[in-house]
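Step one of this worksheet: look at the structure below.
Bear in mind these aren't lab numbers, they're just calculated from the coordinates by the rules spelled out. Here the structure is a predicted model, which means the values were calculated and not measured. Because the Cβ atoms are built from the backbone with ideal geometry, glycine has one as well, and the counts that use them run over all protein chains shown.
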Amino acid sequence: MLIFWIFNLFVLSAVMLDLRVLHRAGRVVSPRNALAWSAAWLAMAIAFAVALYFWQGHQTALEFVTGYVLELSLSIDNLFVFLLIFRFFAVPEGQQHAVLFWGILGALVLRGSFILAGVGLISRFHWVLYAFGALLIISGIRFLRGQHQVDPRKNPVVRLLRRWLPVTDTYQDGRFFVRGWRGNAGLYATPLLLVLIFIEITDLLFAVDSIPAVLAVTLNAFIVYTSNVFAILGLRSMYFAVAALMKVFRFLHYGLATVLILVGLKMLSSDYIHVPITATLGVVAGVVAISVAASVAFPASSNPGS
């Protein structure tokens, strides 16, 4: 149990350094920083595997590497759901980093609990993945048509939850709660809190499938947990790299729209058609690479009149 606390302390320190020092509140994450942090988390995972090799032997290290690659591969779907949620709620770029920070802290607790207690109790919620699959397909079509932004004031989810919870119409400088909004007394939630809730629900749903997959590799709870943590932390940095590159490569959003649709189809058919992880990675990488190559080959004209 002590090793769990030591590992969590290390992870929390790294995430706090990321949030409080390198990415202060309100700052937009640049592509360079996002790619650097993605590489940093990959390097830390490799270093951890090497440490396991000398500490517990070849077999344990191999189980960690296998679990890490498997978890990262399965979590690619989560990356695009993050993109969907932020676009759907029109979250300002400078506030997305803090949402994922708190979302990851919640994910550490949730995934640790699942691994220790098992996933049998939540297997009944597998059907919700179908709803996410359909939503991804619809969102991918909206991306293709350029209809990927939703005004929080008109967001149907915000309007529905406002019936039970007072919610402001606009974001409030990265805060989840505000007092005395527009002269009204009492505590109000902001749309950013709803985004955080959706992020946590998303990780909960994907953990239902990803954790059992890693448990098929090893029953060592520490290895399952650490491979999960390194994967979701690296995925978080990867999200900002993808989101930032969308500004640089003008055709990338078409590629991501295609990926959204393909991932949605994969979710809808997951109980009937088995898609190998390598095939998923290859298709995602291929679609993104083609969209990036097209952007480089046909850059946007700097002359508005051309």
- Label-point separation (nm) for R179 and F10, each offset 7 Å from Cα along Cα-to-Cβ? 4.1
- Rank by packing, highest mean first: peptides 53-66, 82-95, with packing defined as the count of other Cβ atoms within 10 Å averaged across residues. 82-95, 53-66
- Kindly state, to the nearest 0.05, the FRET efficiency for A51 paired with L17, given R0 = 25 Å and r defined as their beta-carbon distance. 0.80
- Sort the following peptides by mean Cβ neighbour count (other Cβ atoms within 10 Å, averaged over residues), highest first: 220-228, 36-44. 220-228, 36-44
- Segment L42-V248, length gained on full extension (0.36 nm per residue, minus Cα span): 71.8 nm
- Query: Local charge sum around L108 (other residues, Cβ-Cβ under 13 Å, Lys/Arg +1, Asp/Glu -1)?
  - Reply: 0
- Message: Sort 233-241, 97-105 by the packing proxy (mean of other Cβ within 10 Å over each peptide's residues), most packed first.
- Response: 233-241, 97-105
